[in-house]
Amino acid sequence: SVYGRPVIVKLFSGVVYKGVLGCLDGFLNVVMEQAEEYVDGKYSSRYSDCFIRGNNIMYIAPDDS
């Protein structure tokens, strides 16, 4: 299972979120914890909890780094 594990979520806008996957539903809506936001490859912000709407997501991948 990927729940509780580090993931990378890339949006169609190019923004990338790295954090711990809390929840995922059938529409690909994602809840992340300890999320870091990267804009143009540069660190931007940190969020303790983060909700991302599924229709904005290009992909979700495990973060093995």
Diffing the stretch 44-61: the Karplus 3J(HN,Hα) column from phi (6.51, -1.76, 1.60, θ = phi - 60°), in whole Hz with x for Gly and Pro, holds 10, 8, 10, 10, 6, 9, 9, 10, 10, 6, x, 6, 9, 8, 7, 7, 10, 9
At 1.4 Å probe size, with the rest of the protein present, what percent of the exposed accessible area of the chain is carbon and sulfur atoms?
53 percent
For the chain, with every protein chain kept in place, what is the accessible area per residue (1.4 Å probe, Å²)?
66 Å²
Taking 0.36 nm per intervening residue step and subtracting the Cα-Cα distance, what contour gain separates Tyr59 from Glu33 on full extension?
7.6 nm
Which entry in (1) 13.1, 34; (2) 12.0, 46; (3) 10.6, 30 is this structure's computed Rg and Dmax of the Cα atoms in Å?
(3)
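The values are calculated or read from the model by the stated rules, or taken from the named source; none is laboratory data. Just so it is clear, the structure is predicted and the values come from calculations on it, not from any experiment. Remember, those area values only see protein heavy atoms, side chains included, never the ligands or the DNA or RNA. Shrake-Rupley method; radii C 1.70, N 1.55, O 1.52, S 1.80 Å.
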